[in-house]
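The values are calculated or read from the model by the stated rules, or taken from the named source; none is laboratory data. Since this is a predicted model, take the numbers as computed values, not measurements. Glycine also receives a Cβ, built like all others from the backbone with ideal geometry; neighbour counts cover every protein chain displayed.
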Amino acid sequence: MRSPEELNVVERPCPQCAHRNGPAAKARYGDGIWRAVACERCGFVYLDKAPDYEELFSRLAWEKTTKIEEVRREAARPISYKLSKKTRMRLHLFPRKDVIDLVARFVRPGNVVDLGCGNGILINKLDAAFTPFGVEISSALAEQADALLRARGGAVINAPSLHGLKTFADGHFTGATLRSYLEHELNPKTVLQELHRVLAPEGIAIIKVPNYGSLNRRVMGARWCGFRFPDHLNYFTPSSLSAMVGDCGFRVRRFNLLDRMPTSDNMWMIAEK
């Protein structure tokens, strides 16, 4: 991977309130130039610098940075990382949420878009009542996904989600999935506003993000599994996620204690237009 000094990097205002926090803003966590700061005005935690969209098509594509992150974690904590890999069965002690099941339960039949759809394998599992579409910034993954979804009448746009959503008409989708996506997005609020436009009335957005408010983050600190610099740009708590989707015109349809357990590193929300 290119060093931070070689990347096209953009300065970011707070994604929630647009306040420009200066260099004096206190970094809660970070790695080199990547600083997770808490907004001085609203408290939202985010990276105040980030790679430009152009870096994400290939050089910092998700499938590449994920492998790099796995190597970094194994080197940083070899014993606990290997133990975690060997005991993944613990993740199945409680029922796990499945995005395909949630679409079937909450979304009306019709067109469904997956933001950050990867290779398209997941969204392709939707029932025949749904026509799957995707937006994916990685060129390699978008090509794979497009081949899958076109066979079902859908398509994949190879672009940042903000630009990809602009290619669709108002009310084109009955549902959207944002699974492990919003934490990566350079402009999360603008994307949610555009998503609101392309959803039909009572359209559903299914959102999964890391829970910055989790007990594990408080205990593990800088070693928390939710930190990935500079892949994860936005660090949501239950209250900040609720505030952002509400500001973008959505109503929280479901976000109960089981969806945002303080013992879980992730949280799920069902939002409705």
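Anything in segment 239-258 that is in contact with a helix residue (DSSP H, G or I) (Cβ under 9 Å, 6 or more places away or on another chain) and crowded, with 18+ Cβ neighbours inside 10 Å? List them, or say none. Listed by number, the residues that qualify are Leu241, Met244, Val245, Cys248, Phe250, Phe255.
Within segment 211-233, is even one residue part of a strand (DSSP E or B) and closer than 30 Å to Glu11 by Cα? So far as segment 211-233 goes, no, none of its residues is part of a strand (DSSP E or B) and closer than 30 Å to Glu11 by Cα.
Of the strands (runs of 3 or more DSSP E) lying entirely inside segment 1-114, not one contains at least 1 residues that are at pLDDT below 90, surrounded by fewer than 17 Cβ atoms within 10 Å (Cβ to Cβ) and under 17 Å from the mean Cα position of the chain (by Cα). Just so you know, in segment 188-243 the residues that are without any contact (Cβ under 8 Å) to a residue 40 or more places away in the chain and charged (D, E, K, R) include one that is nearest to Asn266 (Cα to Cα), and it is Arg218. Scanning segment 234-273 for residues that are closer than 18 Å to Arg217 by Cα and of a type in the set (S, T, N, Q) yields Asn234, Thr237, Ser239, Ser240, Thr263, Ser264, Asn266. Residue check: Val156 meets all listed conditions (1) touching a residue at least 40 places away in the same chain (Cβ under 8 Å); (2) among the aliphatic types (A, V, I, L, M); (3) touching a Leu at 6+ places or on another chain (Cβ under 7 Å) but one, namely (1). With respect to (1) part of a helix (DSSP H, G or I); (2) within 16 Å of Met244 (Cβ to Cβ), the lone exception for Ile207 is condition (1).
Among the residues of segment 236-273, the ones that are within 16 Å of the chain's Cα centre (by Cα) and assigned to a loop (DSSP other than H, G, I, E, B) come to 4 in all.
Just one residue in the set Lys189, Lys125, Lys166 is of a type in the set (D, E, K, R), closer than 28 Å to Glu11 by Cβ, surrounded by fewer than 23 Cβ atoms within 10 Å (Cβ to Cβ) and over 16 Å from the mean Cα position of the chain (by Cα); that residue is Lys166.
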